[in-house]
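Colleague: Below is one structure. I have some questions about it.
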């Protein structure tokens, strides 16, 4: 199903439809402030397994990130962070960043893995912010494209995405054309922030 949402005038009935689908354990494609992502309810195990299958990996090997609605949501998933790292996150989020932080045992339990790190995202996208708030917990997510893929029309045009993936996902959320640049990935696991992929976000130190 293709669900079109105007970010300037959000239809909450459509948000409810999307959240209902997520709670049922479906995976969806949605806009962020960088490229379109695919994701699911973080606390639905079947959905997580389906998301891993979509990306052709086993769940315990998947490197999914977590989309939170605000900074206060991250405490369950990351170990206590120092003041400079907190200030860095506060200055740059919401924004087109994935911050790699040291993960709690909750992350290991969710993903059936021994993951020591987790990518945290708080995109500057009103549609996604409201979906996450209404869901009541974060989303597990990954970019729709793979690292080695060239980002073509079907990664930026929601109609093309729908034609390509309609049999694999429940909903494609059309929030307008996506960006060509993925999020900037910043590793904060060892104290000092280190950019490991420059993308759409310009880090404010």
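All of the numbers you see were taken from the coordinates with simple rules; none came from a lab. Keep in mind that this is a model prediction, so the values were computed, not measured. Counting neighbours? That spans all protein chains shown, and the Cβs are built from the backbone with ideal geometry, glycine included.
Colleague: Assuming 0.36 nm per residue, please report the length gained on full extension of the stretch residue 63 to residue 86 beyond their Cα-Cα distance.
Modeller: On the way: separation 23, 0.36 × 23 = 8.28 nm, distance 2.28 nm.
Length difference between fully extended and current span is 6.0 nm.
Colleague: Same structure again: Sticking with the crude label model, points 7 Å out along Cα→Cβ, report the distance from residue 204 to residue 23 in nm, one decimal please.
Modeller: 3.6
Colleague: With N set to the residue count of the chain, report its C-alpha Rg divided by 2.2 N^0.38 Å to two decimal places. Mind showing how you got there, number by number?
Modeller: Working: Rg = 15.8 Å, N = 205, 2.2 N^0.38 = 16.6 Å.
Compared with the compact-globule rule of thumb, the chain sits at 0.95.
Colleague: Could you tell me the relative contact order of region 63-202? Use alpha-carbon pairs under 8 Å, at least six residues apart, and round to a whole percent. Walk me through the numbers on the way to the answer.
Modeller: Details: 215 pairs, mean separation 41.0, N = 140.
It comes to 29 percent, rounded to a whole number.
Colleague: Arrange the following residues from fewest to most other Cβ atoms within 10 Å of their Cβ: 205, 139. Can you show the working numbers first?
Modeller: Numbers: 205 8, 139 28.
Fewest-to-most Cβ neighbours within 10 Å comes out as 205, 139.
Colleague: At 0.36 nm per residue, and after removing the present C-alpha to C-alpha distance, how many nm does the segment from residue 70 to residue 124 gain when stretched out fully? Write down the numbers at each step before the final one.
Modeller: Working: separation 54, 0.36 × 54 = 19.44 nm, distance 1.04 nm.
That works out to 18.4 nm of additional length.
Colleague: What order do you get for 113-119, 188-194 when each peptide is scored by the mean count of other beta carbon atoms within 10 Å, highest first? List each step's numbers first, then the result.
Modeller: Working: 113-119: 16.9, 188-194: 14.0.
My ranking of the peptides, most packed first, is 113-119, 188-194.
Colleague: Oh, and also: Please order 197, 121, 13 by the number of other Cβ within 10 Å, starting at the fewest.
Modeller: On the way: 197 12, 121 25, 13 7.
The most exposed by this proxy come first: 13, 197, 121.
Colleague: Further, regarding this structure: So what's the gap between the Cα centers of region 1-40 and region 96-119, to the nearest angstrom?
Modeller: For region 1-40 versus region 96-119, the Cα centre distance is 24 Å.
Colleague: Region 181-205 to region 67-89: how many Å between their Cα centroids?
Modeller: Answer, in whole Å: 15.
Colleague: Moving on. What is the distance, in nm, between label points placed 7 Å from the Cα along the Cα-to-Cβ direction at residue 49 and at residue 2?
Modeller: With each label point 7 Å from Cα toward Cβ, the separation is 3.2 nm.
Colleague: Let's test the formula: R0 of 30 Å, r as the Cβ-Cβ distance of residue 113 and residue 133. What FRET efficiency results, to the nearest 0.05? Walk me through the numbers on the way to the answer.
Modeller: On the way: r = 27 Å, r/R0 = 0.91.
FRET efficiency, residue 113 to residue 133: 0.65.
Colleague: How much of the DSSP bridge set in the chain is antiparallel, in percent, rounded to the nearest 5? Could you put the intermediate results ahead of the total?
Modeller: Values: 19 of 31 bridges.
Close to 60 percent.
Colleague: Moving to a separate point now. According to the square roots a ≥ b ≥ c of the eigenvalues of the Cα gyration tensor, what is the shape class of region 1-59, taking rounded for a/c under 1.5, prolate for a/b larger than b/c otherwise, and oblate for the remainder? Let's see the in-between values first.
Modeller: On the way: a/c = 2.83, a/b = 1.63, b/c = 1.74.
It comes out oblate by the Cα gyration axes.
Colleague: For the chain, what is the calculated [θ] at 222 nm in deg cm²/dmol (nearest 500), taking -39500 (n - 2.57) for each run of four or more DSSP H residues and dividing by its residue count? Please list the in-between numbers first.
Modeller: Numbers: 7 runs with 61 residues, N = 205.
Using -39500 (n - 2.57) per qualifying helix, the result is -8500 deg cm²/dmol.
Colleague: Which ordering of 1, 161 is given by a fewest-first count of other beta-carbon atoms within 10 Å? Please report the intermediate quantities before stating the final value.
Modeller: Details: 1 14, 161 23.
The most exposed by this proxy come first: 1, 161.
Colleague: Just to be sure I understand: if I project the alpha-carbon convex hull of region 74-185 onto a plane and average over all orientations, what area do I get in nm²?
Modeller: Details: hull surface 32.8 nm².
For the Cα atoms of region 74-185, the hull's average projected area reads 8.2 nm².
Colleague: Does region 31-117 come out rounded, prolate or oblate, given a ≥ b ≥ c as the square roots of the eigenvalues of its C-alpha gyration tensor, rounded meaning a/c under 1.5 and, failing that, prolate meaning a/b above b/c?
Modeller: Values: a/c = 2.25, a/b = 1.40, b/c = 1.60.
Oblate, because a/c is 1.5 or more while a/b does not exceed b/c.
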